[in-house]
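Please read the structure below before turning to the comments.
The values are calculated or read from the model by the stated rules, or taken from the named source; none is laboratory data. Note that the coordinates shown come from a computational prediction; the quantities given were computed from them, not determined experimentally. For neighbour counting, all protein chains shown are included, and Cβ atoms are generated from backbone atoms with ideal geometry for every residue, glycine included. The accessibility values were calculated without ligands, DNA or RNA, using every heavy atom of the protein model including side chains. Shrake-Rupley method; radii C 1.70, N 1.55, O 1.52, S 1.80 Å.
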Amino acid sequence: MAKTPRQPANRKVSSGDVGNRKPSKSFLKISTKRILKIALFGVLGSIVALFLLFGAVYIGLFGPLPSEADLMGIKNSNASEIYSSDKVLMGKYFVENRSSMDFDDIPKLAIDALVATEDQRFFEHEGIDFYSIPRVVVKTIIFRDRSGGGGSTISQQLIKNVFERKRYGPLTVLVNKLRENIAALKLEELYSKEEIVTLYLNTVSFGENVFGLKAASQRFFGKEPKNLKPEEVAMLIGMLKANTSYNPRLHPEAAVARRNTVLILMERDGVIGPEQLRLLIDKPLVINYQKAKGQEGSAAYLQATLEQQIKDLIKDQKKPDGSPYDLYTDGLRIELTVNHALQAKAERALNNHMNKVQKDFDKHWADRKPWGKSDDFLWKEAKKTAKYQRMEKAGAGEKAIKDYFNLPKKTILFGPEGSVVKDISPLDSIAYHQLILQAAFLAIDAQSGAVLAYVGGRDFSFFPYDHVYSRRQCGSTFKPFVYAAALEAGFSPCDWVQNEPISFPDYENWQPANSNGQYGGYYSIKGGLTYSVNTVAARLINETGTQAVVDVAKRAGLRARIPNLPSIALGVADASLAEMVAAYTMISQQGRRPELIFIKQISDSEGKVLYASKAGKSRSGLEPAIAEDLRTMMQLVVDSGTARSLRSTYGLRMDLAGKTGTTQNNADGWFVATTPRVAVGAWVGGESPIVRFRSTALGQGASTALPIVGAWLRSVSSDGATAGLLGRNFTDLDPYAEPRADCPLFTEQVGSSFIDDLFGNPKKIIGEKAPEDTSGGSWINSLLERLKKDKDE
């Protein structure tokens with residue numbers, strides 16, 4: 001039998017021989033079984049591991065799950081809302097900007113859009129959508145997509161929003177998902193679907209520290225949710241996927257694309273029709289973005305001022321569970337006395353005029369600086385900043401701090417039309433903001449003291465210092481107290497005062513000067529006030545004594561220490577705008593001054609009244625007759641004196657009494673006035689008195705502060721809805737008040753009284769027929785007979 005020849009021992013096997021050799025069928029069969037077995041064990045192992053992990057989560061090995069009590073006690077912290085007297089939302093106090101709604105207040109369209117977008121089977125499942133679990137497992141475990149959320153139901157998302165997620169290393173996503181699934185099942189046992197969707201829409205974040213549909217609707221569209229249009233609802237629901245990426249203010253194109261996706265899903269589920277979808281997708285993005293109504297919105301300065309007062313008013317009130325109320329989390333409703341329409345007019349009048357004044361100021365100084373070439377002033381201001389103090393506390397040396405403050409960086413700066421971003425050093429930023437002139441405005445009901453409009457500065461986010469309550473030298477707005485003291489001392493509006501310089505030897509020969517540099521002749525007392533003549537005010541305080549003037553100012557409500565010096569006649573005393581406006585109510589209210597009232601009522605979220613204001617208290621500062629004489633004099637300031645532009649420029653026709661004021665070196669400009677029913681005032685100046693106009697023509701109160709008041713009064717009086725608030729005519733209690741003040745404002749004659757002239761210079765009064773000898777009284781009888789005869793003829 002032939003043998004098969006053997007291969008030569010040295011023969012090499014080529015790679016091609018191996019590559020061309022096909023695996024046997026039995027080998028393929030064994031390999032497939034092995035793969036299936038491995039996969040099966042893998043799936044079973046994963047399931048077992050998942051069940052073990054589920055059990056570990058359920059029994060609390062990863063921390064306790066939310067209990068039934070926790071779930072039943074779900075309560076969002078709600079912002080306390082501030083409303084004007086005419087029911088307009090003006091601001092909020094909050095930790096999280098949230099305003100909760102009841103189910104009936106939520107638009108059905110918003111619920112339908114939410115379900116179509118976030119949880120299509122929301123009304124069918126019991127907290128977990130088991131149809132989506134495989135998809136979630138694939139995304140989370142296989143593809144390691146830590147964004148999760150793809151299969152989270154509304155109930156699960158609510159749990160995630162309310163109960164903080166924790167970290168568990170590599171198992172973080174999976175453990176948190178299991179915790180949320182278990183809690184969602186419990187949640188659905190305790191709450192109805194309507195309650196769950198309500199809790200969700202009150203909880204979900206829209207970015208910018210805005211929580212809940214109501215707050216988001218107010219922020220991005222300036223309206224209540226019930227007034228949202230379909231495309232607006234779609235935009236807000238679309239933001240839930242990524243509230244920053246789809247923020248319509250920051251990323252309008254992405255927001256529109258996401259809005260349209262939501263609209264398509266709404267059409268898929270029959271929420272809107274195909275034709276409506278076509279129309280809505282083509283709509284451009286239109287938002288009405290509202291600034292955060294915390295301490296950045298309307299009346300922001302007033303909100304900051306009232307914060308502590310509100311806390312004091314509610315501190316003794318208890319919630320049903322006995323705990324105290326929290327201003328930032330308990331959703332209180334605070335109703336102010338401020339009228340929103342009047343507030344808006346005040347902010348507009350102040351900002352419009354200050355933009356003009358700022359342009360004049362910038363042009364006035366050009367490349368120069370009020371503090372000169374030295375940076376000492378700026379470093380003094382820098383040391384007040386939190387950054388400087390933190391660096392100093394951390395042990396940074398002077399050189400390191402100065403290097404930081406001189407290094408340019410992107411900085412947000414104040415701008416008249418909104419904030420601007422520039423590359424600028426912190427020190428230059430301080431210089432920039434110091435050169436921004438500030439202003440304040442206040443209007444109150446002269447009878448009750450209710451605050452009607454309140455503007456503490458240009459922009460709270462940049463300049464939080466409230467100038468309604470800051471004390472500055474008040475200039476000639478203080479002079480009415482000098483004249484009131486003179487009237488109390490027995491002077492009358494028609495007494496004459498010499499317009500010549502006067503010095504005070506006991507006070508280092510202090511000698512006031514008239515702003516116009518003119519002297520000579522005589523002013524009646526009412527003329528001296530009308531034209532704000534410094535020599536007249538100084539001579540009056542010399543006659544009455546300084547203490548009498550201080551007493552009047554204190555009765556008027558000025559609380560700061562007033563120096564017992566004759567220079568107070570010119571307004572060197574410090575006072576706040578709030579004090580001065582309240583003081584001027586004495587002029588229109590027969591000498592009485594009310595206490596300021598800001599808050600009408602505070603209620604809790606259930607409507608329980610926690611505080612209600614009572615009738616304002618008023619105090620007597622002047623006798624009615626004195627107040628009326630003073631008022632008739634101060635009306636002349638408006639009619640023909642330093643405030644006459646209220647008539648000529650602003651066309652105001654109602655009764656008005658007021659006073660302008662300008663302090664030394666034009667550091668402060670003032671105007672305070674009263675109508676029959678409203679007292680109002682404005683102040684303008686720099687954060688520092690160093691920042692000022694060099695020219696009195698530009699820096700005086702008649703140029704800086706008066707136009708704000710004038711524009712506001714004109715706007716209020718020309719609006720039919722608000723005109724009646726001002727009143728038209730003052731009420732005269734004394735019919736002889738005006739006749740007593742019926743005399744010229746100024747005379748050149750040395751002898752000024754009628755009686756003095758009648759006896760000392762009778763020819764001036766009677767003419768050439770006057771007797772040469774007037775030492776006796778018989779000639780007066782003959783004079784009277786002659787006058788009677790002339791009258792009969």
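Checking the structure you have, find out if any residue of the range 406-429 is buried (at least 18 other Cβ atoms within 10 Å of the Cβ) and assigned to a loop (DSSP other than H, G, I, E, B). Scanning the range 406-429 turns up no residue that is buried (at least 18 other Cβ atoms within 10 Å of the Cβ) and assigned to a loop (DSSP other than H, G, I, E, B). Inspect all residues belonging to the range 604-611 and state whether any of them is more than 26 Å from the chain's Cα centre (by Cα) and either open to solvent by 50 Å² or more (accessible area, probe 1.4 Å) or under 25 Å from Cys494 (Cβ atoms) (or both). So far as the range 604-611 goes, yes, one or more of its residues are more than 26 Å from the chain's Cα centre (by Cα) and either open to solvent by 50 Å² or more (accessible area, probe 1.4 Å) or under 25 Å from Cys494 (Cβ atoms) (or both).
Suppose we filter Gly727, Gly751, Gly720 for residues that are on the phi > 0 side of the Ramachandran plot and either modelled with pLDDT of 70 or more or open to solvent by less than 40 Å² (accessible area, probe 1.4 Å) (or both); which single one remains? Walk me through it before giving the result.
Details: Gly751 fails: on the phi > 0 side of the Ramachandran plot; Gly720 fails: on the phi > 0 side of the Ramachandran plot.
Of the residues listed, the single one that is on the phi > 0 side of the Ramachandran plot and either modelled with pLDDT of 70 or more or open to solvent by less than 40 Å² (accessible area, probe 1.4 Å) (or both) is Gly727.
Conditions (1) open to solvent by 10 Å² or more (accessible area, probe 1.4 Å); (2) within 24 Å of the chain's Cα centre (by Cα); (3) without any contact (Cβ under 8 Å) to a residue 40 or more places away in the chain, marked per residue:
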| position | (1), (2), (3) |
| --- | --- |
| Gly661 | no, no, no |
| Asn665 | yes, no, yes |
| Val672 | no, yes, no |
| Val678 | no, yes, no |
| Gly681 | no, yes, no |
| Gly685 | no, yes, no |
| Arg692 | yes, no, no |
| Gly699 | no, no, yes |
| Ala702 | yes, no, no |
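The set of residues in the range 243-285 that are without any contact (Cβ under 8 Å) to a residue 60 or more places away in the chain, more than 30 Å from Tyr93 (Cβ to Cβ) and either acidic (Asp, Glu) or not in a helix (DSSP H, G or I) (or both) comprises Glu253, Glu267, Gly270, Ile272, Gly273, Glu275, Asp282, Lys283, Pro284, Leu285.
Phe504 satisfies every condition listed in (1) surrounded by fewer than 18 Cβ atoms within 10 Å (Cβ to Cβ); (2) within 21 Å of Lys387 (Cα to Cα) except (2).
Any residue that is in a helix (DSSP H, G or I), of a type in the set (A, V, I, L, M, F, W, C) and within 28 Å of Glu579 (Cβ to Cβ) - is there at least one of those in the range 368-377? Looking for residues that are in a helix (DSSP H, G or I), of a type in the set (A, V, I, L, M, F, W, C) and within 28 Å of Glu579 (Cβ to Cβ), one finds none in the range 368-377, hence no. Within the range 158-176, the set of residues being open to solvent by less than 30 Å² (accessible area, probe 1.4 Å) and modelled with pLDDT under 80 comprises Thr172, Val173, Val175, Asn176. Residues that are open to solvent by 30 Å² or more (accessible area, probe 1.4 Å), modelled with pLDDT under 90 and within 26 Å of Ser77 (Cβ to Cβ) occur in the range 329-339; there is at least one.
For (1) farther than 30 Å from Val468 by Cβ; (2) crowded, with 16+ Cβ neighbours inside 10 Å; (3) at pLDDT 95 or above, each residue gets a yes or a no:
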residue	(1), (2), (3)
Gly238	yes, yes, yes
Val256	yes, yes, yes
Asp282	yes, no, no
Leu285	yes, no, no
Lys293	no, yes, no
Tyr301	no, yes, no
Ala304	no, yes, no
Ile310	no, yes, yes
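Would you confirm whether any residue within the range 546-564 is assigned to a helix (DSSP H, G or I), buried (at least 23 other Cβ atoms within 10 Å of the Cβ) and touching a Cys at 6+ places or on another chain (Cβ under 8 Å)? Within the range 546-564 (the criterion being assigned to a helix (DSSP H, G or I), buried (at least 23 other Cβ atoms within 10 Å of the Cβ) and touching a Cys at 6+ places or on another chain (Cβ under 8 Å)), the answer is no, since none of the residues qualifies. Restricting the range 186-217 to residues that are open to solvent by 20 Å² or more (accessible area, probe 1.4 Å) and out of contact with any helix residue (DSSP H, G or I) (no Cβ under 8 Å at 6 or more places or on another chain), the residue that is modelled with the lowest pLDDT is Asn209. Taking helices (runs of 4 or more DSSP H) as the structural unit, those lying wholly within the range 172-225 and holding at least 1 residues that are over 18 Å from Ile159 (Cα atoms) and in contact with a strand residue (DSSP E or B) (Cβ under 8 Å, 6 or more places away or on another chain) correspond to 213-221.
Determine if the range 522-529 includes at least one residue that is in a helix (DSSP H, G or I) and basic (Lys, Arg). Looking for residues that are in a helix (DSSP H, G or I) and basic (Lys, Arg), one finds at least one in the range 522-529, hence yes. Restricting to the range 688-717, name every residue that is out of contact with any strand residue (DSSP E or B) (no Cβ under 6 Å at 6 or more places or on another chain) and either at positive phi or outside any helix (DSSP H, G or I) (or both). Once the filter is applied, which keeps residues that are out of contact with any strand residue (DSSP E or B) (no Cβ under 6 Å at 6 or more places or on another chain) and either at positive phi or outside any helix (DSSP H, G or I) (or both), the range 688-717 yields Ser688, Pro689, Ile690, Val691, Arg692, Phe693, Arg694, Ser695. Restricted to helices (runs of 4 or more DSSP H) entirely inside the range 36-144, those with at least 2 residues that are within 30 Å of Pro225 (Cα to Cα) and at pLDDT 90 or above are 108-118.
Among the conditions (1) over 30 Å from Gly724 (Cβ atoms); (2) touching a residue at least 40 places away in the same chain (Cβ under 8 Å); (3) out of contact with any Leu (no Cβ under 9 Å at 6 or more places or on another chain); (4) assigned to a loop (DSSP other than H, G, I, E, B), the only one that Lys291 does not satisfy is (2).
Against the condition charged (D, E, K, R) and touching a strand residue (DSSP E or B) at 6+ places or on another chain (Cβ under 8 Å), how does Arg278 come out, does it pass? Judged against the criteria, Arg278 is not a match. Does Ser620 fit the bill of being open to solvent by 50 Å² or more (accessible area, probe 1.4 Å) and either under 25 Å from the mean Cα position of the chain (by Cα) or over 30 Å from Asp376 (Cα atoms) (or both)? Considered against the rule, which asks whether it is open to solvent by 50 Å² or more (accessible area, probe 1.4 Å) and either under 25 Å from the mean Cα position of the chain (by Cα) or over 30 Å from Asp376 (Cα atoms) (or both), Ser620 comes out as yes.
Annotation note: of Lys356, Lys311, the sole residue that is within 28 Å of Lys75 (Cα to Cα) and part of a helix (DSSP H, G or I) is Lys311. Scanning the range 635-658 for residues that are open to solvent by less than 10 Å² (accessible area, probe 1.4 Å), in contact (Cβ under 8 Å) with a residue 40 or more places away in the chain and in contact with a Pro (Cβ under 7 Å, 6 or more places away or on another chain) turns up nothing.
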